[in-house]
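Peer 1: Okay, handing you the structure first.
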Amino acid sequence: VPIRIYDQLTWSVRVNSRHESTCSLTIDQQALGSRTHSPLKADDNLVLRAARLLAEMAGVQPHGHFHLVKRIPTEAGLGGGSSDAAATLVLANQAWHLGLTHSKLIDLAVKLGSDVPCFLEGGFVGGGFAICRGRGERVAAIEGMPHLHFVLVKPVRGLSTPCVFAELGERERPSPARSQASATRVRELIATLQRGAIGGAGELMTNRLDAAAARLAPEILRIKAALSRAGCLGQFMTGSGSTLVGIARSAIHARRLARKLSAQYLGTVLATSSGW
């Protein structure tokens with residue numbers, strides 16, 4: 001589900017001709033609570049990795065300068081790096097006049113990360129909902145969904161996706177039985193949302209990575225309990241964490257929840273909603 005927090009990426013031609021055959025990146029880190037995080041390094045950022053992969057496929061030299069305004073917190077499970085990579089593929093394809101097809105960009109997106117393809121697909125790009133299968137590369141838009149309101153709590157501690165997956169116990173790992181149960185649950189969740197039964201949908205929203213993430217960052221359990229006490233219709237971790245999401249009844253309810261939770265010093269708190 002896309003929400004109304006986003007980074008901004010621009011590209012420009014280098015003025016200095018000595019560097020016209022190189023590709024560079026600067027990052028303006030404006031993420032909420034960014035003072036609690038280490039500065040982002042440009043040299044290993046997904047923007048440059050995506051640009052170089054695109055150039056290699058097209059047989060051109062990567063060039064120009066990318067400038068990234070970073071508003072999505074890092075190590076938050078909010079898809080910041082993946083959306084930046086997808087934006088780079090689209091932007092560089094146009095800026096370098098490559099004319100690569102959408103399917104070619106999807107092929108590159110899969111190589112960059114399992115979450116990247118969803119940021120290129122039609123329904124999700126348009127601000128709608130999507131379901132991702134496989135490793136995340138098989139994306140299908142979901143129609144008839146309601147507008148949802150959320151309160152997000154990002155604790156000071158971020159979590160690395162590889163570390164969270166490495167922490168998975170045997171009971172939390174995929175299996176045929178769990179996959180079948182998940183498929184059934186997803187169908188029920190989609191039908192419940194399409195009926196507009198937000199409260200019932202909130203009870204169906206879970207994340208199998210919750211327990212593994214909480215073993216690395218125990219504050220996750222405290223925040224989930226706080227979201228429940230505050231009156232959220234459902235609460236769960238997004239992605240591999242460490243951000244927790246609470247479902248609100250309305251925009252007013254989301255703002256009220258955010259004020260209540262902000263007073264508890266749980267981390268960065270934000271009210272937002274679905275769509276771009």
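The values are calculated or read from the model by the stated rules, or taken from the named source; none is laboratory data. Keep in mind it's a predicted model, so treat the numbers as computed, not measured. Methodologically, a virtual Cβ is constructed for each residue, glycine included, from the backbone with ideal geometry; neighbour enumeration extends over all protein chains shown. Heavy atoms of the whole protein, side chains included, go into the accessibility calculation; ligands, DNA and RNA do not. Shrake-Rupley method; radii C 1.70, N 1.55, O 1.52, S 1.80 Å.
Peer 1: Roughly how large, in nm² to one decimal, is the mean projection of the convex hull of the alpha-carbon atoms in region 89-165?
Peer 2: With the hull built on Cα positions only, its mean projection is 7.4 nm².
Peer 1: Taking region 172-242 on its own, what percent of its Cα-Cα pair distances exceed 20 Å? Please report the intermediate quantities before stating the final value.
Peer 2: Values: 956 of 2485 pairs.
Beyond 20 Å sits 38 percent of the P(r) for region 172-242.
Peer 1: Right, something else. Using only Cα atoms, tell me the angle between helix 251-262 and the longest principal axis of the chain; keep it within 0 to 90° and round to the nearest 10.
Peer 2: 90
Peer 1: Using each residue's phi in region 230-238, evaluate 6.51 cos²θ - 1.76 cosθ + 1.60 at θ = phi - 60° and report the 3J(HN,Hα) Karplus result to the nearest Hz, with x for Gly and Pro.
Peer 2: Along region 230-238, the couplings run 6, x, 5, 6, x, 8, 7, 7, 9 Hz.
Peer 1: Full-extension gain between ILE252 and SER114, please, as 0.36 nm times their residue separation minus the C-alpha to C-alpha distance.
Peer 2: 46.2 nm
Peer 1: In debye to the nearest 20, how big a dipole does region 203-257 give about its Cα centre with +1 on each Lys and Arg Cβ and -1 on each Asp and Glu Cβ?
Peer 2: 160
Peer 1: Name the residue, out of THR22, THR238, THR206, whose mean-square fluctuation peaks in a Gaussian network model built on the chain with Cα pairs under 10 Å.
Peer 2: THR22
Peer 1: What is the helix-to-structure angle for 80-95, meaning the angle in degrees between its Cα long axis and the longest Cα principal axis of the chain, kept from 0 to 90 and rounded to the nearest 10?
Peer 2: The angle comes out at about 30 degrees.
Peer 1: Take every Cα-Cα pair in region 54-109 and report what % of them are more than 15 Å apart. Walk me through the numbers on the way to the answer.
Peer 2: On the way: 786 of 1540 pairs.
Summing the P(r) of region 54-109 above 15 Å gives 51 percent of all pairs.
Peer 1: Accessible area per residue for the chain in Å², computed with a 1.4 Å probe and the full protein assembly in place, what is it?
Peer 2: 51
Peer 1: Moving to a separate point now. With a 1.4 Å probe and every protein chain kept in, tell me what percent of the accessible surface of the chain is carbon plus sulfur.
Peer 2: On the way: 7450 of 14010 Å².
Of all accessible area on the chain, carbon and sulfur atoms account for 53 percent.
Peer 1: Which is the longest part of the chain that has none of the trypsin sites (Lys or Arg not before Pro) sitting in a DSSP loop with at most 12 other Cβ atoms within 10 Å?
Peer 2: Of all site-free stretches, the longest is 42-134.
Peer 1: What is the helix-to-structure angle for 176-194, meaning the angle in degrees between its Cα long axis and the longest Cα principal axis of the chain, kept from 0 to 90 and rounded to the nearest 10?
Peer 2: Taking Cα atoms only, the helix is inclined about 80 degrees.
Peer 1: Between region 76-111 and region 200-244, what is the separation of their alpha carbon centroids in Å?
Peer 2: 30
Peer 1: Once you place label points 7 Å from the Cα toward the Cβ at GLU188 and ALA141, how far apart are they in nm?
Peer 2: According to this spin-label approximation, the distance is 2.9 nm.
Peer 1: What percentage of all Cα-Cα pairs in region 117-276 are separated by more than 24 Å?
Peer 2: Within region 117-276, distances greater than 24 Å cover 37 percent of Cα pairs.
Peer 1: Starting from the Cα of LEU168, step 7 Å toward the Cβ, then list every residue of region 224-242 with an amide N under 12 Å from that point.
Peer 2: Answer for this model: 240.
Peer 1: Between HIS147, HIS63, HIS97, where does the largest GNM mean-square fluctuation fall for the chain, given springs only between Cα atoms within less than 10 Å?
Peer 2: In the Gaussian network model the winner is HIS97.
Peer 1: Could I ask something else about it? Consider the candidate values (1) 19.9; (2) 15.0; (3) 12.9; state which one is mean projected area of the Cα convex hull in nm² computed from the structure displayed.
Peer 2: Correct label is (2).
Peer 1: Can you tell which of PHE236, PRO73, GLN180 lies farthest toward the positive end of the dipole of the chain, using +1 and -1 charges on the Cβ of basic and acidic side chains (Lys, Arg; Asp, Glu)?
Peer 2: PHE236
Peer 1: Taking springs between alpha-carbon atoms closer than 10 angstrom, which of ILE223, ILE247, ILE27 fluctuates most in the Gaussian network model of the chain?
Peer 2: Comparing ILE223, ILE247, ILE27 in a Gaussian network model of the chain, the most mobile one is ILE27.
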